[in-house]
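These notes are about the structure you will find just below.
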Amino acid sequence: MDIYVQQGVKKADGFVQVAAAFSFSMMGFMAAVMALFSVLGQSRALKKYKSNGLLRVLLIGIAITLFELAMTFIASLQLFVVAPNHSNVKCVALALLGSLGMVIATSIPMIGLQIRSAGEK
């Protein structure tokens with residue numbers, strides 16, 4: 001693992017650019033999903049989600065995801081200012097993996113909600 005980190009430190013500029021772009025793009029995606037909730041506002045699927053309390057859980061998950069993406073973006077931008085070392089690169093890589101996991105975890109229920117809303121007549 002440390003060999004990959006050493007190679008990653010040498011090529012940190014490219015990694016940092018990808019990490020920053022991913023974080024910023026996913027924040028935009030999450031903002032677009034929040035706007036989509038206003039379109040789905042009248043669907044039975046969203047009303048059922050809301051009555052069961054699941055919408056609140058999903059919105060809290062989205063808020064945590066947005067916060068984690070913002071922290072990942074800030075951490076990746078920090079590597080432009082500070083000379084990258086092993087711990088900084090590992091920190092950004094772990095933050096990036098955590099952010100990816102949260103994006104997937106919050107996207108799956110949203111996709112299911114959209115599919116159910118589209119199936120309504």
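The figures follow:
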quantity: Filter result for GLU120 (of a type in the set (Asp, Glu) and surrounded by 12 or more Cβ atoms within 10 Å (Cβ to Cβ)); calculated: no
quantity: Pairs, first closer than 13 Å to ILE74 by Cα in segment 9-33, second modelled with pLDDT under 85, C-beta under 6 Å, six or more apart; calculated: VAL16/LEU79
quantity: Count of residues meeting criterion [in contact (Cβ under 8 Å) with a residue 60 or more places away in the chain, under 30 Å from PHE15 (Cα atoms) and among the hydrophobic types (A, V, I, L, M, F, W, C)] in segment 35-89; calculated: 4
quantity: Enumeration of residues in segment 60-108 that are assigned to a loop (DSSP other than H, G, I, E, B) and open to solvent by 80 Å² or more (accessible area, probe 1.4 Å); calculated: none
quantity: Meets criteria (touching a Leu at 6+ places or on another chain (Cβ under 7 Å), within 28 Å of ILE111 (Cβ to Cβ) and either modelled with pLDDT of 80 or more or among the aliphatic types (A, V, I, L, M) (or both)) for SER23; calculated: yes
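The values are calculated or read from the model by the stated rules, or taken from the named source; none is laboratory data. Because the structure is predicted, anything quoted here is derived from the model rather than measured. With ideal geometry, Cβ positions are generated from the backbone for all residues, glycine too; neighbour counts draw on all protein chains shown. What goes into the accessible areas is simple: the full protein's heavy atoms, side chains included, and nothing from ligands, DNA or RNA. Shrake-Rupley method; radii C 1.70, N 1.55, O 1.52, S 1.80 Å.
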